[in-house]
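Undergrad: This is the structure I have questions about; it appears just below.
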Amino acid sequence: MSFCLDDGAELLYGPAKSEPPVSAGGQVGEPETAILYSTAAPGEAPTRAQIDTTEQTAIFPGGAEPEPLESLGGLSEKHSFSANRAAKPLIAAAAAVLVLVGGFFGYRHFSSSGSTQINSIAVLPFENRSGNTDTDYLSDGLADSLIYRLAQLPNLKVSPTSSVMRYKGKSGDTLQIAKDLNVDAVMSGRLVQIGDSLNISVQLTDARTDKLIWAEQYDRKLSDLLATQREIAAAIADKLKLKLSGNDQKGLTKTFTDNNEAYQSYLRGRFYWNKRTRDGIDNGIAFFQKAIDLDPNFALAYVGLADSYSVMPSYGYMSPAEALSRATTAIQQGLQIDPDLAEAHSTYGLVLASQWRWSEAETEFKRALEIDPKSAESHYKYAIQFLEPVGRFDDAIREMETALELDPLSIPIGANLAGVYVYYRKYDAGLEQAQKVYALDPGHATAIIWLANAYEGKEKYDEAIKLCETSLRSLPDNQDLLLIMGSSYARSGRPEQTRPIISKLENMAKTQYVSFYRIASLYGDLGEKDHAFSALEKAYEEQDWEITRLKVDPFMDALRDDPRYKELLKRINLAE
């Protein structure tokens, strides 16, 4: 049974949902509101933002010039324009937008009468109107960078990328989106690149009043981008009223690379990595490696490399032993460069747990949460990759509920909460949770898998089989669905229908990586213990990540009393 990450892919192993088989700005009538108008200027001269603000308006820290963004949208300002010109649009866009948004949220909400402050925001995916999907990584990266940066503000709740990406390419009611995400404000934007020109418009709406808080539009010539960016930063800083603490400013201004081309490669790497196809992951690794070659001190690129290798065994692209070895090397290099990178500690915790180094794994997860306690992903990974395997179910459920509070629309988090209930043998709660999540997105592989698991846990074998059969039409090689269907056949007295599934998995193993832990589970359901432990031994040798569930997996109960089972628990450091 597989636990899945916040992007919809299984944690190390399993298909993402998309995997094949296996308004412009406007003015507001309220005088206390700041509106930032179009910065387009005649001729080729650098443009200057026209700012209309009141004494109540707070902008970014005085004299502070915006620094590069990180994560998918971390934009470098300190770069040479002799680098790849394709990077320039994103740099200008993020510089302008980040300064505006950062300034606004430093103050929270402009109101001379002390209106209710804004405590939460959703940054929707930017609409790419360039007519070229090859530039999607620019619009996606810009939105993600703003999400990451704003999330560094300690008292502001920011909807994670995994929740807002479901709105990409869709037109929706802002008020309903805000209600769905449980936020006070929604930011939307669009980006157009034509030749050497870029247009970006941004608007922020108070969802509680349905009023536009501010809006801005920028028209740029690529040759003027850096000068214009500096002019805007100086004008905004001149209006600053609020002073952020040193720690708060660090999160907003942290620099990961000054190499423009390296950053572009990193963006492309993340874009392709998210596709989860074989070509996508291979391309992602190539771009992450290119970013590292261009800037060996680019820590986030090493994290991207580690994340890529971590998911490869999911699709049979690489054995776990080889993938985990490469992931370990990459993540250790990233941490050596930047020991305060929460993403790196979280990924390292995952890798260590997969290598059965439990104490070290927990240290890394706790360090990630210490650095960024608002990371839904870190709470999530800590729960399912450490707390649940060692049997600390109550703690795991608390961490999962925290993750779900931070990322309420995440299908993987919601579905895997059902998984924790199932492994805790609270089958009623597991089925109820799984049905809730499945109703949100019946096509999501993670939701399907955990609903099927919950059915099996409740001994609703016919329901589990029917769901698996239907889903396997579009995902014929999904190992989890094959496992659940085969197990349900065996447990419902139809072992003759389980054997062809075992044969299929064993044949698949000749051309791709297959989890022998799953094969062992099926042999256990058939009562063939010797075959089961032979498969478990192979799973151990290959460092199959599923073997980390050995202590708590209820679907392995048929083997649990055998002395070989207890011996294997000792070998993976999970002995009672």
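Undergrad: Pick from the stretch 339-375 the residues that are among the acidic types (Asp, Glu) and modelled with pLDDT under 95: which of them is nearest to PRO313 (Cα to Cα)?
TA: Only one residue fits best here, namely GLU343.
Undergrad: If a residue has to be farther than 17 Å from ASN119 by Cβ and either in contact with a Leu (Cβ under 7 Å, 6 or more places away or on another chain) or buried (at least 21 other Cβ atoms within 10 Å of the Cβ) (or both) to count, how many in the stretch 181-191 make the cut?
TA: 3
Undergrad: Another question about this same structure. Restrict the check to the stretch 327-345 and report whether at least one residue is under 30 Å from PRO554 (Cβ atoms), part of a helix (DSSP H, G or I) and not hydroxyl-bearing (Ser, Thr, Tyr).
TA: Yes, some residue in the stretch 327-345 is under 30 Å from PRO554 (Cβ atoms), part of a helix (DSSP H, G or I) and not hydroxyl-bearing (Ser, Thr, Tyr).
Undergrad: Quick one: how many residues across the stretch 484-505 are of a type in the set (S, T, N, Q), over 19 Å from SER534 (Cα atoms) and not in a helix (DSSP H, G or I)?
TA: Of the residues in that region, 1 qualify.
Undergrad: With the requirement that a residue be assigned to a loop (DSSP other than H, G, I, E, B) and among the charged types (D, E, K, R), what does the stretch 514-527 give you?
TA: none
Undergrad: Using the structure shown, decide if PHE256 is of a type in the set (A, V, I, L, M, F, W, C) and modelled with pLDDT under 85.
TA: Yes: the conditions hold for PHE256.
Undergrad: State which residue is farthest from ILE194 (Cα to Cα) when the search covers only the stretch 107-130 and only residues that are small (Gly, Ala, Ser) and at pLDDT 80 or above.
TA: The selected residue is SER120.
Undergrad: Here's another thing I want to ask about it. It is to be established whether one or more residues within the stretch 274-290 are of a type in the set (A, V, I, L, M, F, W, C) and outside any helix (DSSP H, G or I).
TA: Taking every residue of the stretch 274-290 in turn, none turns out to be of a type in the set (A, V, I, L, M, F, W, C) and outside any helix (DSSP H, G or I).
Undergrad: Additional query: Is it true that some residue in the stretch 506-513 is among the polar types (S, T, N, Q), assigned to a helix (DSSP H, G or I) and closer than 25 Å to TYR565 by Cβ?
TA: no
Undergrad: Take the conditions outside any strand (DSSP E or B) and at pLDDT 80 or above and apply them to ARG149. Does it pass?
TA: It is false that ARG149 is outside any strand (DSSP E or B) and at pLDDT 80 or above.
Results for (1) surrounded by fewer than 20 Cβ atoms within 10 Å (Cβ to Cβ); (2) modelled with pLDDT of 75 or more, shown as yes or no for each residue.
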residue: LYS211; (1), (2): yes, yes
residue: ARG220; (1), (2): no, no
residue: SER223; (1), (2): yes, no
residue: THR228; (1), (2): no, no
residue: ALA233; (1), (2): no, no
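Undergrad: Same structure again: Working only within the stretch 401-422, note down all residues that are closer than 15 Å to TYR382 by Cβ and of a type in the set (A, V, I, L, M, F, W, C).
TA: Listed by number, the residues that qualify are ALA403, LEU404, LEU406, ILE413, LEU417, VAL420.
Undergrad: Could you tell me whether any residue of the stretch 462-470 is at pLDDT 95 or above, among the β-branched types (Val, Ile, Thr), crowded, with 22+ Cβ neighbours inside 10 Å and under 32 Å from the mean Cα position of the chain (by Cα)?
TA: Yes: the stretch 462-470 contains one or more residues that are at pLDDT 95 or above, among the β-branched types (Val, Ile, Thr), crowded, with 22+ Cβ neighbours inside 10 Å and under 32 Å from the mean Cα position of the chain (by Cα).
Undergrad: So LEU409 clears everything in (1) surrounded by fewer than 24 Cβ atoms within 10 Å (Cβ to Cβ); (2) touching a Lys or Arg at 6+ places or on another chain (Cβ under 7 Å); (3) over 22 Å from ASN119 (Cα atoms) except one condition, right? Which one?
TA: For LEU409, the exception is condition (3).
Undergrad: Can we say LEU475 is hydrophobic (A, V, I, L, M, F, W, C), at negative phi, surrounded by fewer than 24 Cβ atoms within 10 Å (Cβ to Cβ) and not in a helix (DSSP H, G or I)?
TA: Taking the combined requirement at face value, the residue satisfies it.
Undergrad: A follow-up question, please. Given (1) surrounded by fewer than 24 Cβ atoms within 10 Å (Cβ to Cβ); (2) at pLDDT 95 or above; (3) over 26 Å from VAL303 (Cα atoms), identify the lone condition not met by VAL420.
TA: (1)
Undergrad: Can you report the number of residues in the stretch 541-565 which are out of contact with any Phe, Trp or Tyr (no Cβ under 9 Å at 6 or more places or on another chain) and hydroxyl-bearing (Ser, Thr, Tyr)?
TA: 0
Undergrad: While we're looking at this one, here's another question. Go through the stretch 336-354 and report how many residues are crowded, with 21+ Cβ neighbours inside 10 Å and not β-branched (Val, Ile, Thr).
TA: The number of residues fulfilling the criteria is 11.
Undergrad: Go through (1) buried (at least 16 other Cβ atoms within 10 Å of the Cβ); (2) of a type in the set (Gly, Ala, Ser); (3) more than 35 Å from the chain's Cα centre (by Cα) and name the single condition SER534 misses.
TA: (1)
Undergrad: If you don't mind, another one. Here's a check for you: in the stretch 267-284, which residue that is among the small types (Gly, Ala, Ser) and under 16 Å from ALA301 (Cβ atoms) is surrounded by the fewest Cβ atoms within 10 Å (Cβ to Cβ)?
TA: GLY284
Undergrad: Another question, if that's okay. Is it the case that ASP293 is modelled with pLDDT of 90 or more, surrounded by fewer than 20 Cβ atoms within 10 Å (Cβ to Cβ) and under 23 Å from THR511 (Cα atoms)?
TA: Criteria not met by ASP293.
Undergrad: Shifting gears a bit: Determine, yes or no, whether LEU481 is hydrophobic (A, V, I, L, M, F, W, C), part of a helix (DSSP H, G or I) and either within 19 Å of the chain's Cα centre (by Cα) or modelled with pLDDT of 95 or more (or both).
TA: Yes, satisfied.
Undergrad: I would also like to ask the following. Tally time: how many residues in the stretch 552-564 are crowded, with 19+ Cβ neighbours inside 10 Å and either more than 19 Å from ILE484 (Cβ to Cβ) or of a type in the set (D, E, K, R) (or both)?
TA: Residues flagged as crowded, with 19+ Cβ neighbours inside 10 Å and either more than 19 Å from ILE484 (Cβ to Cβ) or of a type in the set (D, E, K, R) (or both) within the stretch 552-564 amount to 1.
The values are calculated or read from the model by the stated rules, or taken from the named source; none is laboratory data. Given the structure is predicted, the values throughout are model-derived calculations rather than measurements. Positions of Cβ are generated from backbone atoms using ideal geometry, with glycine treated the same way; all protein chains shown enter the neighbour counts.
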